[in-house]
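This report concerns only the one structure given below.
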């Protein structure tokens, strides 16, 4: 599909416990139609290529490690690294990836989510914060929520580590709290298919 057909973006941020949950989400999906999934999973840069390889083996999705200046296409899943932001162009949206020496996280979920703010109105967004330690992604999610975007946080029941989603529940306006299976169903309703 052409990048101009892209209409919806599912943004997923995760830390500790995230890989298994991401694998479950992606293995349950069949197609993404007019939707792309962008995943920021805290992980050392050296481990991300093997993570992408494992996800490809477990899923029928087109799973890619995001590259700087790469256009985002519908019906694809991108795993981001470093400080990754969205950049609007005349051809669609693409990734702008930089490396910061003093970065606290790889990748930085907040930076990714904040960069989606200018996309509101052009694309339909679904930001999701899964299991993890700390609060990376919560400020970015809160900023999107303040602009009317519905944000999702994983429930304590299914989260392996109830850190990031707990902070989101406390600080993100009108956040919806859902178990992992409910999140999978929501992704299906939003723009994908699942088995």
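One table, with the values for the structure above:
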item	result
Ranked packing of 50-63, 124-137, most packed first, by mean Cβ within 10 Å	124-137, 50-63
Dimensionless Rg over Rh [the chain; C-alpha; Kirkwood]	0.92
Zero-based 5 Å bins, Cα pair distances in segment 90-175, whole percents	3, 15, 24, 22, 18, 13, 5, 1, 0
Antiparallel %, DSSP beta bridges [both residues in segment 1-122], to 5	35
CD proxy at 222 nm, helix term only [per DSSP H run n ≥ 4: -39500 (n - 2.57); per residue of the chain; nearest 500]	-8500 deg cm²/dmol
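The numbers here are math on the coordinates, done by the rules we state, and not lab data. Worth saying up front: this structure is predicted, and the values here are computed from it rather than measured. We place every Cβ from the backbone using ideal geometry, glycine too, and count neighbours over all the protein chains shown.
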